[in-house]
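Please read the structure below before turning to the comments.
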Amino acid sequence: MNIVLVSPPIQDMYFTPGRSSALGMHTVAALLDKTGEKVSALNCPQQKPEGRSIPPLQGTGYLQKFIIPGERGKLSFFTGYRHFGPSFTECAEKIHTLKPDLVLVSSFAFAYADAALALIEAIRTHGCTVPVGVGGAGPSAFPEYYLKHEGTDFVVTGEAETILPLIISRIKSGSTDFSGISNTYFKKDGEISVPSGFTYPESEDLEFVWSVTGETADTMYISTSLSRGCPKRCRFCSNFITHNRRFRTVSVDKIKEKLCTFPKHKRIILNFEDDNLTFLPEYFFEVLTLFTSAVPDVHFMAENGIDYSFLTPKSIKKLVQYGFKQFNLSLGTLSEKNAASENRPLSLIKYETLLREIEKYSVPVITYFICGLQGDTPESVVETLLYLAELPTLAGISPFYPVPGLYGFTDRNLFKENPPSACRGAAFYPWNRTLTTGEMVTAFRLARLVNLVKQKQHTLLERKLLQRITATEKLHTVVRKNKRNILAEVPLMDGKMVSLFFKNRIDGLKGL
Ligand code: SF4
């Protein structure tokens, strides 16, 4: 059977090459390949990664007033939506030329559900009549949303790779009735047929898959993910919806075996996309040893964040020696009260000790925290930013967003009223009603200010910008007008948060 796997174009305010790895799609491709099927994988966002400007997405009108046309520079907010990848029609044409017997669309986040459905629409408009199925973290959260499109034949939730061979065999026998196959939703007589059971792979051993996300003359950027599932229960985390809570890894033997085909001819920056790879520290260090002994010039990143609680001064030293280029520390929240209600243990004493330790090695740190959690207030978010301003770390602010099925967000009707586009960080949507969109945008801009102040060197324009902000105690930015960069006050910022920030800046922001 000729199977085409597609990772659809992305429509968002921003997109970084690191997010285009499509590891889920590549994992499914590797497994189907093993079963002897002819498989083609189409990673659309990687084909036109620069993106093109598009009108605001449906349901995002509330955000438009915060966008400043022509804004640029380190303090800027997003400047509008972009489409990353070829047009949906071009993707459909490409799929058509591959003459598929089955099309599988990979949707890695519910936030991007509408792009997956637009691709399916284009595939059908182009005359494709073969079965089309969808899988990934997006459909795992809300399968019915994807099945509502008449072009979608079936949806597989959870880890699709064990289910797909059963579906393929049913299609080969001429049927698109998937009754009795777990995790599989499909249409029967115009109604959605819900599976009678849900399973997760029995095997402890995952596939070892990697994806090149960028390349220069001397460096290759590669992403991989070596684990799935997490037994921890942070309230804001949706990992369990797709992968369950059992922690599983790619076996060391499998990595050893496949490392002979891993690129080695350039400097490699290897990014671990895992959500909690440090859950088994011994395994993590064994893996690092394997990579460093097999790949001559390899450096590591963990852009999705490292759980700081596993770090110790000794392990920091080891990670630096292994070639960690940056520490992305995910704390979730820096409020001890919030940490308890979010089920995310927090020790600021430990965190600060670790930061001072990392500082000794001059390795940069970004500390991620979520803004807009249930226990947040505008004041607590400013307090967090002022706290981070004094520490040797950049502030990585992530506006809260849910997916269907997350704790507190199990009512699917919520997601019928609000489009998937609101389920992304860059939507700044006030899901918990603790901070308004305006307050979250203000916090985002203040975080950028904190980071700009920490920058070791500033351009002349940045110095003028900082001086203007200090003198007026108001947020300003750079705007391109009539071919000139001018400084302009940022409208609609939350006055109380900005005043609180500047009132405390003597203690909090000595550089400003
Ligand atoms: S946020 Fe990280 S540690 Fe917490 S449940 Fe999710 S994967 Fe596990």
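The values are calculated or read from the model by the stated rules, or taken from the named source; none is laboratory data. Every value quoted in this text rests on a predicted model; they were computed, and no experiment measured them. All Cβ positions, glycine included, derive from the backbone under ideal geometry; neighbour counts span all protein chains shown.
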| query | Restricting the search to the range 299-325, which residues are surrounded by 19 or more Cβ atoms within 10 Å (Cβ to Cβ) and either of a type outside the set (Val, Ile, Thr) or over 18 Å from Pro392 (Cα atoms) (or both)? | reply | Phe300, Met301, Ala302, Gly305, Asp307, Tyr308, Leu311, Leu319, Phe324
| remark: Considering the range 400-436, residues that are polar (S, T, N, Q) and surrounded by 19 or more Cβ atoms within 10 Å (Cβ to Cβ), and then whichever is nearest to the chain's Cα centre (by Cα), we arrive at Ser421
| Here are some conditions: (1) of a type outside the set (Ser, Thr, Tyr); (2) within 15 Å of Ile222 (Cβ to Cβ); (3) at pLDDT 95 or above; (4) away from the ligand (no atom under 12 Å from the Cβ). Glu303 meets all but one. Which one does it not meet? | (3)
| said: If a residue must be of a type in the set (A, V, I, L, M, F, W, C) and surrounded by fewer than 16 Cβ atoms within 10 Å (Cβ to Cβ), how many such residues does the range 44-66 contain? | reply: 1
| remark: Among helices (runs of 4 or more DSSP H) entirely within the range 17-123, at least 2 residues that are farther than 21 Å from Phe142 by Cβ and of a type in the set (Val, Ile, Thr) occur in 88-97
| field | The one condition in (1) of a type in the set (Lys, Arg); (2) surrounded by 15 or more Cβ atoms within 10 Å (Cβ to Cβ); (3) under 27 Å from Tyr308 (Cα atoms) that Lys187 fails to fulfil | value | (3)
| field | One residue from Lys337, Lys318 being in contact (Cβ under 8 Å) with a residue 12 or more places away in the chain, under 30 Å from Lys258 (Cα atoms) and in a helix (DSSP H, G or I) | value | Lys318
| task | Spot the failing condition for Val453; the list is (1) under 23 Å from Gln11 (Cα atoms); (2) assigned to a helix (DSSP H, G or I), and only one is missed. | result | (1)
| Do we find that Ser347 is within 16 Å of the ligand (Cβ to nearest atom), surrounded by fewer than 16 Cβ atoms within 10 Å (Cβ to Cβ), touching a residue at least 60 places away in the same chain (Cβ under 8 Å) and closer than 25 Å to Leu388 by Cα in this structure? | no
| query | Among the residues of the range 478-501 satisfying the criterion of being touching a His at 6+ places or on another chain (Cβ under 9 Å) and under 14 Å from Arg445 (Cβ atoms), which is surrounded by the most Cβ atoms within 10 Å (Cβ to Cβ)? | reply | Val490
| task | Scan the range 130-144 and give yes if some residue there is touching a helix residue (DSSP H, G or I) at 6+ places or on another chain (Cβ under 8 Å), small (Gly, Ala, Ser), farther than 25 Å from Phe409 by Cα and crowded, with 22+ Cβ neighbours inside 10 Å, otherwise no. | result | yes
| remark: Going through the range 224-246 in order, the residues found to be surrounded by fewer than 19 Cβ atoms within 10 Å (Cβ to Cβ) and more than 26 Å from Gly375 (Cα to Cα) are Arg246
| field | Output for the range 243-295, where each listed residue is of a type in the set (Phe, Trp, Tyr), part of a loop (DSSP other than H, G, I, E, B) and within 16 Å of the ligand (Cβ to nearest atom) | value | Phe247
| message | Let me confirm something: among Ile370, Ile366, Ile397, which residue is part of a strand (DSSP E or B) and under 16 Å from Arg433 (Cβ atoms)? | response | Ile370
| request: Take the range 358-399 and flag every residue that is buried (at least 18 other Cβ atoms within 10 Å of the Cβ) and over 20 Å from Val450 (Cα atoms). | output: Leu373
| query | Within the bounds of the range 432-443, is there any residue that is among the acidic types (Asp, Glu) and within 25 Å of Gly158 (Cα to Cα)? | reply | no
| How do the pairs read when you match residues in the range 269-290 that are small (Gly, Ala, Ser) with residues anywhere that are within 13 Å of the ligand (Cβ to nearest atom) and at pLDDT 95 or above, using Cβ under 7 Å and keeping only pairs 6 or more apart or on different chains? | none
